[in-house]
Every structure is written in C-alpha cells, then in structure tokens.
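Note sheet for the following structure.
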Amino acid sequence: MLLAGAIVGPPPARAQIAQPEPASGRAAKAPVSATRFMVAAAHPLAVEAGHETLRAGGSAVDAAVVVQTVLNLVEPQSSGIGGGAFMLYWDAASRTLTSYDGRETAPAAATPSYFLDADGQPRPFWERVIGGRSVGVPGVLRLIELAHEQHGRLPWLRLLQPAIGLAREGFEVTPRLSQSIAAAREHGLDRYPAARRYFFDDDGNALAAGTRLTNPAFADTLAAIAEAGSEVFYRGAIADEIVAAVRATPENPGLLSREDLARYRVKTREPVCTAYRVHRVCGMGPPSSGGLTVAQILGMLERFDLPAMGYGADALHLFIEAGRLAFADRGVYMADSDFVDVPVAGLIDRRYLARRAGLIALERALPEPQPGEPPQARAARYGPHWGPELPGTTHFSIVDAYGNALSMTSSIETGFGSRLMVRGFLLNNQLTDFSAAPTQDGMPVANRVEGGKRPRSSMAPTIVFDERGEPALVVGSPGGSHIINYVAKTLVAVLDWGLDIQAAIDLGHFGSTGQRAYLEADTEAVASQQALAGRGHELSVRSLNSGLHGIVVRDGMLIGGADPRREGVVRGE
C-alpha cells in the first residue's frame, strides 16, 4: 500500500517468504559461507583460479584479473579481452569507492548514419551484429591493468599464468558452451574461418560437451601481454590483426583504425549512489544505464511497504510499474555523458522519484508510461531509443581478506560477439548497443552513434553499504537489458524480504523493459500471472537466463550465491 509520501523503513517483522524451489532444469545450489575471502563467478575453473589467488594473498583486483582471463578461455561466448567491462571497487584502507569504465568506443570515423542502409533506413539487427562493423575498441584489458596498477598486490606476470596454463593444457567444453555454439550457428558463427575451426569439429558440428579444448593462440597472446602489458594489444602486432579483421571482412566491414586502439583509455567515473531505506546502493553511471535505472526503480519502490507486503502479485505489480517508468526515462536521457548532458542527479532526485511513484496505482497498470521531467533535464533535445540488447555477458563478485570488495560485469555483447576471432579471442559487437536510427520523432537520439562515443549499456555491477558505511552486498548479472531487473529484484529480495543471497538469486524473475511485462517460466512468479493480467498488464512468460553472482557481508561472515540458471559457483574460506 502507498504510505502518503513517507519513506518506509524496515518494519520490526518481515513478511514470511518461503525459500523458493529451483525451476525445472536448474541445479539446486546452497549458499556458501566463509570468514576471510570469497569469489563468485560463472565457471568453476575461473572460481578455483580466483580462490587460489586470494589464498596466496592477492587482492580482489588480483583475483579479478585471474577470473576474467580464465573466463575468456572457458566462457568465450560471454566476455574477454576482445570486449568491455565496468568495475566497482571498494578500497577498505582508504574507504573509497571507484568505478572503472572499460566500455568499448566507436571508431573516430563513425557518424550517426553508421548503421543505416543505402535508403537511409536502419539495417536489421542481425545484419548489424555479424562482421567488423559492430566491433568497438575493446576496453577489458586496459581496465584490469589500470585497476591492478592501483590496487594489485601480486605481480601482473603471475596473474595471467592460470589462463595461459589452461589454454595450453586444455579444458572440458561444458554443456552450456556446447549448446551456445550450436545455437549461434543460426547467426553465422560457422561462417568465419577462425571461429569455425575453433568451435566446430571436422564434420562441422558444434563441439560436444566433454570435448578437451586447447587454445594455444590465446596462450601466446596472454604470454605477450603478461610480459609487456596491454601496449602489445593496443599498439603492436595484435592491434594490426584486430584492425585487419574488422576492416577486411567481406561481410559488414568496419572502420576501426590503429589510432582508435592506440588512443583508448579507461575512465574512472563517479559512482551512482542512492539511499534505499537504511542502505546505500551504489552502481555504475553513464555510459551504463544500469546504476541509474536500478536506483530509479528502488527510489520509486521505497514509497511502498514492500517488507510487509512480501512476495506476491501486489509487489510484482509495483516492481513492474516502477520498471516501466524508469525505462521510459532511460530511453530518452541515458547515454555516454561525455557526449550527452545526462541529468544524473535529477533522475535520482528523491522528490522527482516520489512524483513518479505517485503515478503508480495498486489496482491497475499504467497506460504506456512516458518519460518524466527530472531536474536539470533538457527532454526536448532527445528522442527515445528502445533497442535489443542480447546477453553475451558475465558477472563476478569478490571480497578479499583485506576487506576490499569488487563487482565487475564484463561483456562482448551478443553471445560470441561479432563472430570475428583474432589470436584466440573473440571481438565484441558492442556498437549494436547504439541506436541504429540517429533521430526519432524529429529529434536526435541521445544514444546515437558518434566517433569515440561509448554505447549505452545495461550492465549494473552493484555494491550495497550498510548504516556504518561498510559493504553489505556485492552483486551483478549478465542478461542484456534485463540485467537491471535481475539486480533490482535481488536487492529487494535481500534487503526487503530477508532472503539469503542464494534464495534471492533463485527467486523467479519478473519485470519490464518497456510496455510489456514478463515472468520467468517454471517459477513461483507465474503464480501471479492471472492477477497481473487482471490489472491490465501485457505479459509474456518465458525462460530468463540470468547469471547473478552475489556476496553478502554480515556479522563477520561472507555468504555467497551463484545463479542456478548457469554453471557458476562460489568458493571462500
């Protein structure tokens, strides 16, 4: 129920919520507890390597370097040095939170008409994805190198050895990787020689689960980077091969140049932080829309007594409505703040969000939500952008023995990115996150293509702080534009409903990224379908492949959870 504009704090007693059973086809996972350090990530081999790094005295950033490079090898469809990332890092000694923007950039030669055809119309999405034109300048390597320079404890050379060793010795193809390869054939993965040789057998079939796979080319690439740093990637022979692959592909060639690679820099930006009841929730600012949109959803939900309401149709309705309003703002205002005047403070202004929450009625869904007018906004300058964002992303959460905490979401965009493979790693297709149409409704789109610009993202690495200003929850997820709802749902489940982190991750997904709402098939969320439809919601029920990984810090304990929808695990001690 709406409480007359008052901010609601946690009540003395929470509504009782049953710990949900896993959806059909999922492997049940239990929360993992530890007292010293912990890592939660998308593949057991990456988690094992990160755990050993922490055990050897490494920092959370050291472990992140190891986890990311191993994930590049064993989960190549999702992330790697050919892509981009966002990292939030809490330094316990200095008590500072830093956000690192390693998002890809468009070639300097790109213009707003970059994805238009000869008739001035946007080319179909999959025509934009495959080939060199979708490739932005990768940022992952610069990001982990810069973070290591500032917060690492172990030598850079040492940190790349686990991935190098696995690449030479080989690893087993998992069921998820095998299924992903088979599914990507429909969209051209086998049309490119390097990818075809690596991901398919001699008969042209997707590699079967259990196949032993080596990647000596990637091992050599990492060995060069281990010795000389990222400069060999951004300026040397590797850069030449990236540019050649992007520009010379016969299908959809791009404009990337050696100068684009050489000038790439990671940016440290101000995190987006907002109060939510007694907690402070911090995420990434633009060019990611993740932190802002999560903050908007929470800022509207804070006006309702979700702790007493509990999980059910009423809470799901409120969450969906808050999401629809937040995504309406996202479509107009959010883009790379180096190119667009994003009204960050206005979008999370408490009075503005109170007005937006006042539009929500418990008994019925809103008609099509419209963007609001936050303080400092210039809405008339921009037209809305709604575009597909497909999941080709990973997330990991780490807390080290020194009290540092790290939340990092990393991506090559669509699974297997552009399909272009260079020296053992895939190149991203992140430029498809730009609006293909530079104008809408007679106005320029904030997220249009421009040279050197970073495309809008939904990645939402998040760190939540308690009343004492200490990290209380580290979380994030892959999932395209659904990331925002996955993360916000998990925050509500932990902070309002008192679920442990594993149960919060398990909880069936619900939300909206626009007009229509969705519920996760084969979960408890479907029980609310009839009630939500009766309030006027347009609903779809479908599988939702999140990859949430989270760590709760409470009473001297670390409690971790990994998404049962994927193959991730948690380790700590």
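Protein heavy-atom accessible surface, 1.4 Å probe, per residue over region 269-363: 25 Å². With a ≥ b ≥ c the root eigenvalues of the C-alpha gyration tensor of region 363-519, is it rounded (a/c under 1.5), prolate (a/b larger than b/c) or oblate? In terms of gyration-tensor shape, oblate.
For region 426-573, which whole-number percentage of the solvent-accessible area (1.4 Å probe, protein heavy atoms only) is attributable to carbon and sulfur atoms?
Details: 1780 of 3930 Å².
Carbon with sulfur: 45 percent of the solvent-accessible area.
May I ask you to work out the translational diffusion coefficient for region 201-257 at 37 °C, viscosity 0.692 mPa s, via Stokes-Einstein with Rh from the Kirkwood sum over Cα pairs, reported in whole µm²/s? Approximately 237 µm²/s, per Stokes-Einstein. Label sites at residue 345 and residue 168, each approximated as a point 7 angstrom past Cα along Cα to Cβ, lie 5.5 nm apart. The distance between label points at residue 237 and residue 94 comes to 3.8 nm (points 7 Å beyond Cα on the Cα→Cβ vector). The residue list 457, 244, 347 was ranked by how far each Cα lies along the charge dipole of the chain toward its positive end, using unit charges on Cβ atoms, and 347 comes out on top.
Roughly speaking, what is the stretch gain from residue 466 to residue 56, that is 0.36 nm per residue apart minus the C-alpha to C-alpha distance, in nm to one decimal? Write out the running numbers ahead of the final one.
Values: separation 410, 0.36 × 410 = 147.60 nm, distance 2.89 nm.
The span from residue 466 to residue 56 would gain 144.7 nm if fully extended.
Could you calculate the contour length gain from residue 209 to residue 187, that is, 0.36 nm times the residue separation minus the distance between their Cα atoms, to one decimal place in nm? My answer for the length gained is 5.9 nm. Using bins of 20 Å that start at zero, the share of Cα-Cα pairs per bin across the chain amounts to 23, 58, 19, 0, in whole %.
Computed from point charges on the beta carbon alone (+1 for Lys and Arg, -1 for Asp and Glu), the dipole magnitude for region 470-573 about its Cα centre is near 340 Debye.
Write down the accessible area per residue of region 383-477 in Å², having rolled a 1.4 Å probe over the full set of protein chains. Spell out each step's value before the answer.
Values: 2040 Å² over 95 residues.
Per residue, region 383-477 has an accessible area of 21 Å².
Return the inverse of the average 1/r over all pairs of distinct C-alpha atoms in region 244-390, which is the Kirkwood hydrodynamic radius, in Å to one decimal.
Numbers: mean 1/r = 0.0577 Å⁻¹.
Every distinct Cα pair counted, the radius reaches 17.3 Å.
If I take R0 = 45 Å and measure r between the Cβ atoms of residue 126 and residue 359 in this structure, what FRET efficiency does the formula 1/(1 + (r/R0)^6) give, to the nearest 0.05? Show your work: numbers first, answer last.
Details: r = 36 Å, r/R0 = 0.81.
The computed FRET efficiency comes out at 0.80.
Once both labels are positioned 7 Å from their Cα atoms along Cα-to-Cβ, the gap between residue 161 and residue 373 label points is 6.3 nm. Under 21 Å from the Cα of residue 267, which lysines turn up, not counting those fewer than eight places away in the same chain? The qualifying lysines are 453. Which of rounded, prolate, oblate describes region 280-348, given a ≥ b ≥ c as roots of the alpha-carbon gyration tensor eigenvalues and a/c under 1.5 marking rounded, otherwise prolate only if a/b is larger than b/c? It is prolate, given that a/c is not under 1.5 and a/b is the larger ratio.
Counting only DSSP beta bridges with both residues in the chain, the antiparallel share comes to about 90 percent. Among the helices of the chain, those built from whole DSSP H runs whose Cα atoms reach 27 Å or more along their own axis and whose mean Kyte-Doolittle hydropathy is at least -0.5 are 313-333. Here the chain is assigned +1 on the Cβ of each Lys and Arg and -1 on the Cβ of each Asp and Glu. Its dipole about the Cα centre then comes out at about 620 debye. In the context of the full set of protein chains, region 118-168 has a per residue accessible area of 41 Å² (1.4 Å probe). The separation of region 43-110 from region 266-295, counted between C-alpha centres, amounts to 18 Å.
The values are calculated or read from the model by the stated rules, or taken from the named source; none is laboratory data. Note that the structure is a prediction, hence the values are computed from the model and not measured. Glycine also receives a Cβ, built like all others from the backbone with ideal geometry; neighbour counts cover every protein chain displayed. Only protein heavy atoms, including side chains, enter the accessible area calculation; ligands, DNA and RNA are left aside. Shrake-Rupley method; radii C 1.70, N 1.55, O 1.52, S 1.80 Å.
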